[in-house]
Amino acid sequence: MLDSLRSIIPSSQILSKKDDLTYYTKDFSYAPSVFPKAVVFAEKSNDVGIVLKWANANKIPVTVRGAGTGKSGGSIPLPNGIVLSMERMTTIKEIDTKNKMVVTEPGVILKDLQAKCLKEELWIPLDPSSLDKCTIGGMVTENAGGPRALKYGVTGDYVYGMQGFFGDGSPFKFGGKLYKDVAGYDLKRLLIGSEGTLGVLTEITLKCILPVKEEIGIWLTFETLEDGVSFVREIARSNVQPATAEFMQKECIEAVANHCNLHGDWGDENSHVFITLDGNNKSDLLEQAQKITANQANLSNVIIANDTETLEKLWKIRREISESLSGVSKHKVSEDITVPPHAISEFMSKLSDLDKGSLYSFIGYGHLGDGNIHVNILNTSQDEVNWEKDFPKLIDEVMTLCLSCGGTPTGEHGIGLTKKSYVTAFFQTHEIDLMKKIKKLFDPSNILNPNKIF
């Protein structure tokens with residue numbers, strides 16, 4: 001198999017020794033590691049078409065990979081397949097200041113692209129937690145979000161054009177530097193969030209906006225999460241538009257304090273809310289902060305961060321939660337679900353009811369404005385053998401609760417491997433059949449991530 005591959009792709013672009021493959025066997029999920037037959041690095045667009053045609057001819061599964069920062073097993077390969085890595089396709093082809101667009105290859109890291117764009121007074125406001133590691137291609141195929149999605153939307157809202165190859169190796173080109181384009185079916189939107197199952201992107205055109213010059217943070221504590229939800233709901237009915245609105249249980253703050261030695265006067269209440277406001281005039285932002293926090297009977301404590309040091313400290317608390325919860329537990333698995341914003345309180349209340357005494361606890365935090373909750377299941381005292389046996393059932397309980405609250409099994413991280421068993425609970429049979437038919441049209445030989453989603 002590999003001899004025929006080396007005849008069409010230089011050996012410098014192929015890894016096949018087991019030690020070299022280890023890094024490509026896993027992602028950031030809890031899915032088991034799998035060794036592929038080989039890793040192939042695409043260095044230019046034509047490489048992708050060549051590899052896909054070869055894979056079709058030889059019936060070899062292909063798993064496309066960016067940086068491997070996904071949390072649902074989407075980049076876990078098959079043992080008889082290859083990994084097609086896009087990490088060497090790192091050219092930023094054009095930063096177009098006149099049209100406020102950037103054209104980039106898929107292997108570019110988001111943080112690097114943002115830095116280059118800011119030098120040209122352009123901004124891509126996307127902010128997943130892995131922004132210093134994740135690639136643009138991976139973000140598009142997962143339709144990644146982040147805290148700023150509340151005001152600025154998710155990755156797909158910025159994709160205006162794309163080029164690449166379908167599963168059979170035939171090329172496609174959709175959209176471009178066009179702010180309006182309703183010609184034909186919007187196949188861009190179909191490829192966005194398709195988790196590498198329909199095609200491989202080799203070039204992406206993203207919309208940029210003008211950067212904001214000021215940002216302030218507001219840390220608030222409430223006795224109950226319902227009070228925090230009501231507070232954000234009230235803001236939503238005003239003319240104040242937060243950039244972010246995050247919520248955290250008291251246990252999250254305690255974990256960060258213990259794990260990171262990060263202490264402060266955050267308040268001892270059960271519910272913490274972190275809001276940011278951004279714009280170009282700090283005085284206006286501070287006035288808005290005073291307006292939304294005034295006369296709040298259920299508000300216990302307020303910290304307004306109008307300097308960079310304090311704001312970064314508040315952000316650090318939010319960003320360190322996941323790692324800190326790992327640090328205070330024997331094992332942890334995280335699930336990314338979304339419920340309607342009005343159902344957050346109901347979901348969180350019932351989530352705490354799932355606690356299993358001193359063995360397992362369920363902790364939630366996330367994006368209060370859009371209902372995206374990161375549920376963490378912590379093994380506090382159970383032995384490893386029983387944990388491995390129990391945690392899939394614990395996840396089942398979370399998903400059942402999510403469904404009962406009108407939710408979806410994933411808000412940002414995709415279905416991949418870890419959530420495919422829940423697809424039938426959230427979709428009807430004929431809906432799944434339709435998705436499978438679409439998959440077959442884009443990838444007739446079923447070689448692109450064939451074991452994902454369904």
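Rule-based calculations on the coordinates, nothing more; no lab input. This structure is a prediction, so every number in the text was calculated from the model and none was measured. With ideal geometry, Cβ positions are generated from the backbone for all residues, glycine too; neighbour counts draw on all protein chains shown.
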Practice problem: State the antiparallel share, in %, of DSSP beta bridges confined to the chain, rounding to the nearest 5. | Solution: 90
Quiz prompt | Sorted peptide list for 6-19, 334-347, criterion being average Cβ within 10 angstrom, highest first | solution = 334-347, 6-19
Exercise. Compute the Rg to Rh ratio over the stretch 266-350 from the alpha carbon atoms, using the Kirkwood formula for Rh, and round to two decimal places.
Key: 1.01
Quiz item: Roughly how tilted is helix 282-293, in degrees to the nearest 10 and between 0 and 90, from the longest Cα axis of the chain?
Solution: 60
Quiz item: Got a sec to turn the phi values of the stretch 271-278 into Karplus ³J(HN,Hα) couplings, 6.51 cos²θ - 1.76 cosθ + 1.60 with θ = phi - 60°, whole Hz, x for Gly and Pro?
Solution: 10, 10, 10, 10, 10, 10, 10, 9
Self-check item: Residue-by-residue Karplus 3J(HN,Hα) for the stretch 299-309, coefficients 6.51, -1.76, 1.60, Hz, glycine and proline x
Solution: 7, 8, 8, 9, 10, 9, 9, 10, 10, 4, 4
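With the Cα gyration tensor of the stretch 329-404 giving a ≥ b ≥ c as the square roots of its eigenvalues, does the rule (a/c under 1.5 for rounded; else a/b larger than b/c for prolate; else oblate) give rounded, prolate or oblate? Mind dumping the intermediate values first?
On the way: a/c = 2.21, a/b = 2.11, b/c = 1.05.
Note, shape of the stretch 329-404 comes out prolate.
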Quiz item: In a shell of Cβ-Cβ distance under 11 Å around I395, excluding I395 itself, what net charge do Lys and Arg (+1) and Asp and Glu (-1) give?
Solution: -2
Quiz item: Fewest to most neighbouring Cβ within 10 Å: what's the order for T69, T22, T141?
Solution: T22, T69, T141
Exercise. Mind jotting down a quarter of the surface of the convex hull over the alpha carbons of the chain, in square nanometres, one decimal?
Key: 22.4
Exercise. Note the count of lysine pairs whose C-alpha atoms are less than 17 angstrom apart in the stretch 329-404, limited to pairs 8 or more residues apart or on different chains.
Key: 8
Practice problem: Could you name the aspartates and glutamates whose alpha carbon sits less than 12 Å from that of K177, not counting residues in the same chain fewer than 8 places away? | Solution: E94, D96
Quiz item: How big is the gap, in Å, between the Cα center of the stretch 150-203 and the Cα center of the stretch 380-396?
Solution: 39
Quiz item: Could you give me the ³J(HN,Hα) list for the stretch 207-216, computed from phi with Karplus coefficients 6.51, -1.76, 1.60 and θ = phi - 60°, whole Hz, x at Gly and Pro?
Solution: 6, 10, 10, 6, x, 7, 9, 9, 8, 10
Quiz prompt | Nearby aspartates and glutamates by direct alpha-carbon distance to K93 (threshold 15 angstrom, same-chain neighbours under 8 apart not counted) | solution = E43, E105, D112, E120, E203
Quiz prompt | Sequence-distant lysines (8 or more away, or on other chains) whose Cα lies within less than 16 Å of K436 | solution = K420, K452
Practice problem: Specify the angular offset, from 0 to 90 degrees and rounded to the nearest 10, of the alpha carbon long axis of helix 110-119 from the longest principal axis of the alpha carbons in the chain. | Solution: 80
